[in-house]
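Worksheet for the structure shown next.
The values are calculated or read from the model by the stated rules, or taken from the named source; none is laboratory data. Please read these numbers as outputs of a predicted model, since none were measured by experiment. Heads up, the Cβs are rebuilt from the backbone with ideal geometry, glycines too, and the neighbour counts pull from every protein chain shown.
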Amino acid sequence: MADRPGADEDGRALVERYESLRERALDARPDGYRLGLGVLLGRGVACWMLTWRECAPAQLASPASPLPAPAGEASEEIVRVLATMAFACAGEA
């Protein structure tokens, strides 16, 4: 890895991304999957590293602040849709 230009920066970036993913996974935060937790668990570290090199943005974005909850009818509709989806999945099990 050290024989190509930018390899040190690439390695540091992967370490930062891995540590960010590790923190989210240990805290059981769902945003770990956005950072490749599924790839890491299913395919291993080497595949996760290759995937990040090919697919990740140049700079790891800091986690966005949570969006405010919708008010009124919009939040009621979201709850109805999610409940319908949950009941449909439970009926198929």
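Annotations for the structure displayed:
- Cβ separations smaller than 6 Å between residues 6+ apart or across chains give the following pairs from segment 60-86 residues that are under 30 Å from G11 (Cα atoms) to residues that are modelled with pLDDT of 60 or more and outside any loop (DSSP other than H, G, I, E, B): L60/R17.
- Among the residues examined, E23 does not qualify as over 17 Å from G11 (Cα atoms) and either exposed (fewer than 10 other Cβ atoms within 10 Å of the Cβ) or modelled with pLDDT under 65 (or both).
- All told, A56 falls short of being modelled with pLDDT of 85 or more, surrounded by 10 or more Cβ atoms within 10 Å (Cβ to Cβ) and touching a Gly at 6+ places or on another chain (Cβ under 9 Å).
- All positions within segment 26-55 that are acidic (D, E), over 13 Å from L14 (Cβ atoms) and either part of a helix (DSSP H, G or I) or in contact (Cβ under 8 Å) with a residue 40 or more places away in the chain (or both): D31
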